[in-house]
Structures are given as structure tokens and as C-alpha cells.
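Asker: Please see the structure below; I have some questions.
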Amino acid sequence: MSNKKYAFAAALISFSVGTFASDIVLDELTIRDHLYPESFRDELNNNLNFFRDGVGVDPVSKVPFDTVSIVDGEVVPFYYVNTTEIGLYLNILVEVEKAGNADALVRISEVLDVLEETPTWKGLYFWPYDIVDGKLQPTEEGIVPAVDNANLAFSLVGVAGAYLDSTSPEKQAIVSRIEAILEGQLEGWAAIYDKNRGLMSAGWSTKGDAPLPYFIDRKANESRLAPLWAALITRDQGENAVPPSAFNDMELYTYPFTFNGKQYNPMLTWNGTYFQGMLPSIWMDESELMPDYSLVTDMTFARWFTQRNTISRCYHPLQPLMTVTLSLVFLTFQRAK
């Protein structure tokens, strides 16, 4: 950015800090009806209820808990979080704000406050963070993951895209603050690219002061947005740019088979889970971007076929986030209307 642009951003941020209140409580979240089918209303509302303050969101730190338990009918939170969940929470807040809840815009600003104050490594965030007295503290492991930082980056871009053309000073302040966060990560993304292997490392260990000991080397995994984002955000960084080949050159494994006379060729995730194949679709409409999306639909069929008699009802802490945001996140990439 130019100094003039930074000055403008600083002025907007100062305006927003003075304008936003800090005592809001979000105890009811709704979104616009046209975003989901009527048959999904009850399920959606059940999941949105997770994001009420004091239920799935810490009312002090303003971020969602990674995990909660229900003990004797009471919510018992586990005081830690990762940045993927923070990013998806921001995407949900955008849609709540667009549905008419002005307090959601205040909360977006409060969550950005948290991100700006949270310790990072070269601008990239740790995994996980303990929530201590309303602040986020890195754990002793010192893990800086590519996957969660990419997920957060795409969520932040979604928020910025929703308000990019707004004439509201508050919303323009949010756009500028997000731009500053993302630009502050350029050094980190360049540092976890391995020029010898031509691949992204899975992240960095500050405890070991070294890259994590494996690479993001196949397309069908939940981390595939990391090399894609790294190439996009560093493209103007000269010799420090992460090349598109970090994404393009990842392996793609498939396994063709025939069932009832029909040919299938599903992509294979790195250890076989459906989650690893589908998580990036929360942020990117891959059905429009992939040259051959049948690799994914065939994977879906294979997963259904192999598990139809052994359906698991196990709960994953990301379930509320994924259930809500699969329907919503793409919309936040649209510019304000």
C-alpha cells in the first residue's frame, strides 16, 4: 500500500474504534430467507444457536469455542480455538449483519480487534490458541499451520468482499483492517514455501524453529487452499513469490471402478476421509473452478456406498460451523449490495 492509503486506513480504523460500542450481546442470529430452502430452516437455526454469546461463543474474547460439552443440560466450553473457526464465524456474522442486525457489524470489528492483538509468527497465526482472560495465547507446541491460515485468509477475503463497495465508513474500516492483516502475512507465506521441493510445507514449528516435517503434496486434502492462497497473495513479491506450481504440481490420485455398469473415478484423499476432500469447498465454489468435478461427485458416491450400512453419528466440533457456512460463505464473497 502507499503511505496515503495507509493513512486513510488508519483514519478509518480510528473512526471505527470511536464509533463501535463494546457491550453488545448477540443472543439471536438470523439470516435472510432466500439463502436456504424452507426444509432446512430448523436445522439451520439449531446450528446458528451455537453462535450465541455464552453458548458457543466466549462473551469475553468474542470468538467461538473449538469444542463444548453438554453436562447435565449445561454448556461446558473448552477454552481454546483455532483460526479456521474464527474465520467461519466472521462469515456467519456478515450474513447476520446483512439480515439487518447492526450489532453483528460491531462484533466483526471486535473479532478483528482480537486478530490484530493476537501473537503471530511472521504474521501467520498459531494452532491452537488457549483462551485466557479474554485473550488468545499460543500453546507451547508453537505450531503455525498452513491449512488454518489459508482458511482464515479466504474467510477474511469473503468479509472484505462483502463490504468492498460500501460507502459506510465503518464497513470500509473493516476492509482496510483485513487488508492490513493479510499483507502482514507475506513474509510468513514465503517462509513456509520450500523452493527445493517446489511445495508448501505444512507449516512452521516455533518450538523446533523449523518447517513442519511434511509437505502439502496432493490436491485431494483439506490443506489445498494454502498453496493456492500463498501464490495469490505473494504474486507481486518478486523472488519471494510462491509460484502457482506449488498448487498445480501437487499430485492427484484417483481409483477407477465400475458399479452397476457405470464407471466412477473418485479422487483419493491422503488418508481416505471425506472431510479432507470437501472442506475447501466451504470457501471456494470448486464445482465451477475444477476442470473435472466428477472426481468429487464420484468420491461422494463412493463414500455413500461404502458407509451406507455403517453411518456414524459421531459429533465433530466443526459441525455447526460447517453446516451453517456451507450454505453461506460463498455469498460473502459478493460485493455489498
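Asker: Explain nothing, just compute: Karplus ³J(HN,Hα) = 6.51 cos²θ - 1.76 cosθ + 1.60, θ = phi - 60°, for every residue of segment 255-268 in order, whole Hz, x for Gly and Pro.
Answerer: Rounded to whole hertz, the list is 9, x, 8, 10, 9, 6, x, 9, 8, 10, 9, x, 6, 10.
Asker: Something else: Where in segment 60-80 does the label zone of Q137 land, with the point 7 angstrom along Cα→C-beta and an amide N cut-off under 20 Å?
Answerer: 60-67, 77-80
Asker: What's the whole-number percent of alpha carbon pairs in segment 155-252 lying beyond 17 angstrom?
Answerer: 56 percent
Asker: Hey, another quick one. Of the cross-linked pairs K62/K122; K98/K171; K62/K219; K122/K195; K62/K98, which ones have a Cα-Cα span greater than 22 Å in the structure shown?
Answerer: The answer is K62/K122; K62/K219.
Asker: Still on this model: With all protein chains present, calculate the accessible area of D217 using a 1.4 Å probe and round the result to the nearest 10 Å².
Answerer: 70 Å²
Asker: Further question: Which of L199, L232, I178 sits closest to the plus end of the dipole of segment 109-243, meaning its Cα is farthest towards the positive end, when Lys and Arg get +1 and Asp and Glu get -1 on the C-beta?
Answerer: L199
Asker: Roughly how big is segment 64-119's charge dipole about its Cα centre, with Cβ charges of +1 (Lys, Arg) and -1 (Asp, Glu), in debye to the nearest 20?
Answerer: The calculated dipole for segment 64-119 is roughly 160 debye.
Asker: Taking θ = phi - 60°, what integer Hz values does the Karplus form 6.51 cos²θ - 1.76 cosθ + 1.60 yield along segment 296-307, in sequence order, with x for Gly and Pro?
Answerer: 7, 5, 5, 5, 5, 4, 4, 5, 4, 5, 7, 10
Asker: Can you list residues from other chains, or at least 5 along the same chain, whose modelled amide H is less than 5 Å from the amide H of K62?
Answerer: For K62, no residues qualify.
The values are calculated or read from the model by the stated rules, or taken from the named source; none is laboratory data. The structure displayed is predicted, hence computed values, not measured ones. All Cβ positions, even for glycine, are placed from backbone atoms using ideal geometry, and neighbour counts span all protein chains on display. These area figures cover heavy atoms from the full protein model, side chains too; ligands, DNA and RNA do not enter into them. Shrake-Rupley method; radii C 1.70, N 1.55, O 1.52, S 1.80 Å.
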